[in-house]
Structures are given as C-alpha cells and as structure tokens.
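Participant: Sharing a structure with you now.
The values are calculated or read from the model by the stated rules, or taken from the named source; none is laboratory data. Everything numeric here is computed off the predicted structure, so don't read it as measured data. Every residue, glycine as well, gets a Cβ built from its backbone with ideal geometry; the counts of neighbours run over all protein chains shown. What goes into the accessible areas is simple: the full protein's heavy atoms, side chains included, and nothing from ligands, DNA or RNA. Shrake-Rupley method; radii C 1.70, N 1.55, O 1.52, S 1.80 Å.
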Amino acid sequence: MNITVQLYPPLKFPDGAEYHQLEVKEGLSIGDLLKRLEAEGAFGDYSYQAVFAMVENDVAINDYILKAGQTVKIFLRPAGG
C-alpha cells in the first residue's frame with residue numbers, strides 16, 4: 001500500500017525533500033514507520049523518540065495502524081528549558 005509522509009523542519013529526507021510517497025506493508029504501525037524513517041536518515045541527528053506523528057489532523061500513537069492513501073505528518077517534539 002502507499003502512504004504519503006510529510007516532514008516538517010528541521011526534519012527532511014536525505015534527498016532534501018519534505019514529502020515522499022512510500023510503499024509500505026499492510027498493517028504497518030506509526031511506531032514501525034518512525035523506526036524505518038530513522039534508519040533511512042530522515043530525522044538527521046534526532047531519534048524516532050524525538051518526533052511525533054499526526055494522521056488526519058490527530059496525534060497518532062505508536063500503535064496506530066496506517067491505511068492506504070493516508071498522509072502522515074511528522075514533527076520534532078517541542079522542547080524547552
């Protein structure tokens with residue numbers, strides 16, 4: 001199945017793009033997607049634990065199962081001190 005992944009700054013795919021359409025297996029969870037993107041270098045110096053995902057304008061927990069055609073928006077978690 002295909003999904004669209006949109007990364008928000010400072011995150012970006014290794015080719016510099018903000019959007020990618022990805023072929024993923026049925027039943028893929030958000031947590032698995034984040035780990036895959038981290039392994040592919042999409043988060044730069046950040047780990048998958050430093051980001052969060054939104055699907056259909058709602059925060060998606062790691063157990064959320066993706067459906068074909070969905071767009072996943074990924075943001076860096078806010079941090080402060």
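Participant: Just one of Q49, Q21, Q6 is at pLDDT 95 or above and open to solvent by 80 Å² or more (accessible area, probe 1.4 Å); which is it?
Facilitator: Q21
Participant: Which of the residues spanning region 24-45 are open to solvent by 10 Å² or more (accessible area, probe 1.4 Å), farther than 20 Å from A68 by Cα and part of a loop (DSSP other than H, G, I, E, B)?
Facilitator: E40, G41, G44, D45
Participant: Can you name every residue in region 66-75 that is surrounded by 12 or more Cβ atoms within 10 Å (Cβ to Cβ) and either over 22 Å from G16 (Cβ atoms) or modelled with pLDDT under 95 (or both)? Give the derivation first.
Facilitator: Within region 66-75, the first condition is being surrounded by 12 or more Cβ atoms within 10 Å (Cβ to Cβ), and the residues that meet it are 66-67, 70-75.
Answer for region 66-75, where residues must be surrounded by 12 or more Cβ atoms within 10 Å (Cβ to Cβ) and either over 22 Å from G16 (Cβ atoms) or modelled with pLDDT under 95 (or both): L66, K67, Q70.
Participant: Out of all the residues in region 9-18, which are farther than 13 Å from F75 by Cα and loosely packed, with under 12 Cβ neighbours inside 10 Å?
Facilitator: Within region 9-18, P14, D15, G16 meet the criteria.
Participant: State whether the residues of region 45-61 include one that is farther than 15 Å from L7 by Cα, in contact with a helix residue (DSSP H, G or I) (Cβ under 6 Å, 6 or more places away or on another chain) and among the aromatic types (F, W, Y).
Facilitator: No, that holds for no residue.
Participant: Further question: Can you list residue pairs whose Cβ atoms sit under 6 Å apart, with the first residue in region 46-70 being part of a helix (DSSP H, G or I) and the second being surrounded by 11 or more Cβ atoms within 10 Å (Cβ to Cβ)? Count only pairs 6 or more apart in sequence or on different chains.
Facilitator: The qualifying pairs are Y48/L34; Y48/K35; Y48/E38.
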